[in-house]
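Input: a single structure, listed below in structure tokens.
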Amino acid sequence: MKQIAALPYRIEDDGSASVLLITSRETRRWVIPKGNLIRGLDAHQAAAREAFEEAGISGIPCPSPIGQYRYDKRRKNGKVEEANVRVFPLAVVSQFDQWPEHGQRDTRWFSLPEAANAVQESELKMIIRSFREPTKTGLTQRAVAWAREKGGEKIPMLKWFQRLMPQQGRFFELFEAHAATLVTGADALARLLQGDDVEGHSRTIRDAEHEADSITREVLQDVRRILITPFDRSAITGLIGVMDDAIDQMNSTAKAIELYEVTEFDQCMRDMSGIIVEAARITAEAIPLLRALGNNSARLHDLTERLVKIEGHADEIHDSGLKALFHGKAEQQPLAFIVGREIYGDLEKVVDRFEDVANEIQGLVIDHA
């Protein structure tokens, strides 16, 4: 028996992820929203529908499942059947006060470790635990961060110690700040493609792109002036370059939508934006792990592998959407077809840039881990 499920999540201010769990109606155990496939809806759309009906949430579903798990489903007649459940990440946008199964279930936000401990299925535990690992920082980094927070740079001994240390710039901090602009831009792009507040979401993307440009300039300045860099200079410029290309392409997409005054979007366009949100989330997790390549090489491999995988899925969605657009509008609405083709092209380029990010990270792991 095949089923689908949503893994509803939100990213907290400190970069950690929280997951929304619900209770089952009969046993009251903690589960994720799940159900059967729905005729006329793709699997990830059906998972999003179940999340609304069971948990009262809406958001941006990723069309690429993050994993699958099995459990024994008991029928009303007493028979037990094994269910195979595909799990789709759902970036939560709204949580409602009323929904179809309100009063029948409890809902609660959990940290990833808490959520993994709360569910019973071993494979689902693994999916939740591996969804987003906490950033691992070394003792020295934590100590310096603490000293700076406490005004330690004013302490004479610490100032003397800092002068002895090689000046390596703020590359990691800048990479992480840039990754945050990608998350902001991807979220705004996905909301824009829902047809809601196009002008406002376009402005958010534009602001994120300007901030990303400033960060990129600072990185390039540090590359020129810093004596000792954590990686080869070409690797640093290559990584920040492809990250900047990703936010630039998001901005190009928003500009085209504003220029042509598009307010309605195909489902395949929205599905591609779901891929982009997932790609930005993965990038934001991967970038801090560059601080300790050796310790984090396995996790970085898993993350970049998923980036490459979802890029391939985005290509399939792009081709399917473009084909449907051609058959639907090429003859009777040629201008609408040209505009739609341009938007599809821009969205495809955004996802391609995230694949470039994966390739740059893989190169760093090969060279330095």
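The values are calculated or read from the model by the stated rules, or taken from the named source; none is laboratory data. This is a predicted model, so every value here is computed, not measured. Because the Cβ atoms are built from the backbone with ideal geometry, glycine has one as well, and the counts that use them run over all protein chains shown. Only protein heavy atoms, including side chains, enter the accessible area calculation; ligands, DNA and RNA are left aside. Shrake-Rupley method; radii C 1.70, N 1.55, O 1.52, S 1.80 Å.
Computed quantities for the displayed model
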item: Yes/no for ILE317 being part of a helix (DSSP H, G or I), more than 19 Å from the chain's Cα centre (by Cα) and either touching a residue at least 60 places away in the same chain (Cβ under 8 Å) or exposed (fewer than 14 other Cβ atoms within 10 Å of the Cβ) (or both); result: no
item: Long-range neighbours under 6 Å by Cβ, at least six apart or interchain, first residue touching a residue at least 60 places away in the same chain (Cβ under 8 Å) within the range 170-183, second open to solvent by 10 Å² or more (accessible area, probe 1.4 Å) and not in a helix (DSSP H, G or I); result: PHE171/PRO230
item: Qualifying residue in the range 4-17 (condition: farther than 23 Å from GLU81 by Cα, buried (at least 19 other Cβ atoms within 10 Å of the Cβ), small (Gly, Ala, Ser) and modelled with pLDDT of 95 or more); result: no
item: Contacts under 9 angstrom Cβ, first residue in the range 100-127 being more than 20 Å from LEU303 (Cβ to Cβ), partner exposed (fewer than 13 other Cβ atoms within 10 Å of the Cβ) and of a type in the set (A, V, I, L, M, F, W, C), 6 or more apart; result: HIS102/PHE96
item: Whichever residue in the range 18-27 is touching a residue at least 12 places away in the same chain (Cβ under 8 Å) and open to solvent by 10 Å² or more (accessible area, probe 1.4 Å) and, among such residues, is nearest to the chain's Cα centre (by Cα); result: SER18
item: Residue match in the range 335-357 (condition: modelled with pLDDT of 95 or more, crowded, with 17+ Cβ neighbours inside 10 Å, among the aliphatic types (A, V, I, L, M) and within 20 Å of ALA235 (Cβ to Cβ)); result: yes
item: Residue selected from the range 29-64 under the condition open to solvent by 40 Å² or more (accessible area, probe 1.4 Å) and in contact (Cβ under 8 Å) with a residue 40 or more places away in the chain, by the criterion farthest from the chain's Cα centre (by Cα); result: ARG29
item: Residues of the range 332-364 classified as without any contact (Cβ under 8 Å) to a residue 24 or more places away in the chain and in contact with a Lys or Arg (Cβ under 8 Å, 6 or more places away or on another chain), total; result: 2
item: Candidate set: the range 65-85, residues that are open to solvent by less than 90 Å² (accessible area, probe 1.4 Å) and not hydrophobic (A, V, I, L, M, F, W, C); chosen: the one farthest from ALA279 (Cα to Cα); result: GLY78
item: The range 320-334, subset surrounded by 16 or more Cβ atoms within 10 Å (Cβ to Cβ) and of a type in the set (A, V, I, L, M, F, W, C), residue nearest to ALA292 (Cα to Cα); result: LEU322
item: Options LEU193, LEU182, LEU189; residue that is under 30 Å from THR253 (Cα atoms), touching a Phe, Trp or Tyr at 6+ places or on another chain (Cβ under 6 Å) and modelled with pLDDT of 50 or more; result: LEU193
item: Residues satisfying the stated conditions in the range 193-237, i.e. open to solvent by 60 Å² or more (accessible area, probe 1.4 Å) and either within 20 Å of the chain's Cα centre (by Cα) or within 30 Å of SER58 (Cβ to Cβ) (or both); result: GLN194, ASP196, ASP197, GLU199, ARG203, ARG206, ASP207, HIS210, GLU211
